[in-house]
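Asks: This is the structure I have questions about; it appears just below.
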Amino acid sequence: MRVINVAAAQLGPIQRAEGREVVVKRMLALMDEAKSKGADLIVYPELALTTFFPRWYVEDQAEVDLWFERDMPNEAVQPLFARAAEYQMAMNFGYAELTPDGHHFNTSILTDRTGKIVGKYRKIHLPGHSEFDPERDFQHLEKRYFEPGDLGFPVWRTLDGIFGMAVCNDRRWPETYRVMALQGVEMVLIGYNTPSFNSQKGSEGPEKRLFHNRLAVQAGAYQNSCWVVSVAKAGDEDGFPLIGGSLIVNPDGEVVIEAKTDGDELLVHPCDLDDTVFGKKTIFDFARHRRIEHYGRITSQTGVILPPET
Ligand code: CDT
């Protein structure tokens, strides 16, 4: 048995006017609760330190850059790193990263039990658009504010297991999990900010959005025989609702625990990394069953190529 106690730390809304110190206080309160429940690892959402700013169209880059972190850790998050180290708790959270040479990424980091950053992932599947779109009910400007991640889908050995990360929209793409599973991933950590309504189809509301959230992560877990921890920023941010529905899924694709609220909420579950072994040795033993000679289109083609008309 290789059991780790995982705390999925869902965050409720963060308003545009709120500073990082307000959020960090809430994150610390969740970490204290996680400690009292024996957590080994705490997982926070995508862009955990700010409101989900891609909904706002801003032309002045200097103003946009106020949502970005130039260093990690920095002064604002130092208390989180210090307390995680004190508690010997590994930690994962997402933030907007501005590199010294001026690149912008939607990033997620993983620390070990000492508070040292052992893994960094930069979101690859950026949803949305890059210019103001008057046709939408609200904006989703991730393609404006971020570049696609340049680090691939690495995995890291820590906590006696093999861990990977993904960010929000990545969870809808089977390639995300499979590339990590080809490196033996045992647990995938995901943070998300998912609007409760489709900005291009108002009839698609929270019920369907929560269904797609479960569907995507349950399939990813089952088809790759790994744990998935998927954590929301939820609730009403300045009049724009985000779904909750944070959840932990086992390697059989079953939901073992799920959030009930749209606020700050902690879900703690013991996850045995050895539960990944059976699936990886049987139905999803990639070495025996994959047929890569038929998968060429996956990496040689992005869009659809229709068959010729007859
Ligand atoms: N943050 C993020 O990636 N949100 C997207 C919304 C896209 S609309 C389906 C998501 O995949 O949840």
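Asks: Out of the total accessible area of the chain (probe 1.4 Å, heavy atoms of protein only), what percent is carbon and sulfur?
Replies: Values: 7600 of 14120 Å².
The C+S portion of the solvent-accessible surface of the chain is 54 percent.
Asks: Suppose only helical runs count, i.e. DSSP H with n ≥ 4. What mean residue ellipticity at 222 nm does that imply for the chain under -39500 (n - 2.57) per run, divided by all residues and rounded to the nearest 500 deg cm²/dmol? Show your work: numbers first, answer last.
Replies: Numbers: 9 runs with 76 residues, N = 310.
Here the helix-only value at 222 nm equals -6500 deg cm²/dmol.
Asks: Sticking with this structure for a sec: Can you give the local net charge around residue 143? Use residues other than it whose beta-carbon is closer than 12 angstrom to its beta-carbon, Lys and Arg +1, Asp and Glu -1.
Replies: Values: positive: 123, 144; negative: 131, 133, 142, 147.
Local charge sum for residue 143: -2.
Asks: Using a probe radius of 1.4 Å on heavy atoms only, what accessible surface per residue do you get for the chain? Whole Å² is fine. Write out the running numbers ahead of the final one.
Replies: Values: 14120 Å² over 310 residues.
On a per-residue basis, the chain sits at 46 Å².
Asks: Let me ask something else. In the structure shown, do any of 201/280; 116/233; 37/233 have a Cα-Cα gap over 27 Å, and if so which? Present the calculation step by step, with values, prior to reporting the outcome.
Replies: Working: 201/280 39 Å; 116/233 24 Å; 37/233 21 Å.
Listed pairs above 27 Å: 201/280.
Asks: Over the chain, what is the mean sequence separation of C-alpha contacts under 8 Å (at least six apart), divided by residue count, expressed as relative contact order in percent? Let's see the in-between values first.
Replies: Values: 702 pairs, mean separation 64.2, N = 310.
Result for the chain is 21 percent.
Asks: Sticking with this structure for a sec: Amide H to amide H, which residues 5 or more places from residue 242 or on other chains are under 5 Å from it, using H placed in the peptide plane?
Replies: 196, 235, 236, 237
Asks: Using θ = phi - 60° and the Karplus curve 6.51 cos²θ - 1.76 cosθ + 1.60, what whole-Hz ³J(HN,Hα) does each residue of the stretch 217-225 get, with Gly and Pro shown as x?
Replies: Going residue by residue, I get 6, 5, 5, x, 5, 4, 5, 10, 6 Hz, with x marking Gly and Pro.
Asks: Once ligands and nucleic acids are excluded and a 1.4 Å probe is used, how much of residue 124 is accessible, expressed in Å² to the nearest 10?
Replies: Here the accessible area works out near 40 Å².
Asks: What is the magnitude of the charge dipole of the chain about its Cα centre, with +1 placed on the Cβ of each Lys and Arg, -1 on the Cβ of each Asp and Glu, and no other charges, expressed in debye to the nearest 20? Walk me through the intermediate numbers first.
Replies: On the way: 34 positive and 45 negative charges, 197 e Å.
So the dipole magnitude of the chain works out to roughly 940 debye.
Asks: Just reorder 286, 278 by solvent-accessible area, largest first, 1.4 Å probe, all chains present.
Replies: Working: 286 35, 278 150 Å².
Ranked list, largest accessible area first: 278, 286.
Asks: Each residue of the stretch 56-71 in order: what ³J(HN,Hα) in whole Hz does its phi give by Karplus 6.51 cos²θ - 1.76 cosθ + 1.60, θ = phi - 60°, with x for Gly and Pro?
Replies: The phi angles translate into 9, 8, 10, 8, 7, 4, 4, 5, 4, 5, 5, 7, 9, 9, 8, 9 Hz.
Asks: For 83, 55, write out the residues from largest to smallest accessible area, computed with a 1.4 angstrom probe and no ligands counted.
Replies: On the way: 83 70, 55 15 Å².
From most accessible down to least: 83, 55.
Asks: With every protein chain in place, what's the accessible area of residue 2 (1.4 Å probe, Å², nearest 10)?
Replies: My reading of the accessible area for residue 2 is about 50 Å².
Asks: With a 1.4 Å probe and all protein chains kept in place, how much accessible area does residue 37 have, in Å² rounded to the nearest 10?
Replies: Here the accessible area works out near 100 Å².
Asks: Could you give the semi-axes, largest first, of the ellipsoid that matches the stretch 3-300, computed as the square roots of 5 times the alpha carbon gyration tensor eigenvalues and rounded to whole Å?
Replies: Working: eigenvalues 153, 110, 71 Å².
Calculated on Cα positions only, the semi-axes equal 28, 23, 19 Å.
Asks: Further, regarding this structure: So what J values fall out for the stretch 156-171 if you push phi through Karplus, 6.51 cos²θ - 1.76 cosθ + 1.60 with θ = phi - 60°, rounded to Hz, Gly and Pro as x?
Replies: Working through the residues one at a time gives 9, 8, 7, 6, 6, x, 10, 10, x, 10, 8, 10, 6, 4, 3, 5 Hz.
Asks: Who wins for biggest fluctuation among 236, 160, 40 in a Gaussian network model of the chain, springs between alpha carbons below 10 Å?
Replies: Ranking 236, 160, 40 by mean-square fluctuation puts 160 first.
Asks: Among 256, 190, 222, whose Cα lies farthest out toward the positive end of the dipole of the stretch 154-310, if unit charges sit on the beta carbon of Lys, Arg (+1) and Asp, Glu (-1)?
Replies: 222
The values are calculated or read from the model by the stated rules, or taken from the named source; none is laboratory data. Here the structure is a predicted model, which means the values were calculated and not measured. Every residue, glycine as well, gets a Cβ built from its backbone with ideal geometry; the counts of neighbours run over all protein chains shown. Surface areas here come from the heavy atoms of the whole protein model, side chains and all, with no ligands, DNA or RNA. Shrake-Rupley method; radii C 1.70, N 1.55, O 1.52, S 1.80 Å.
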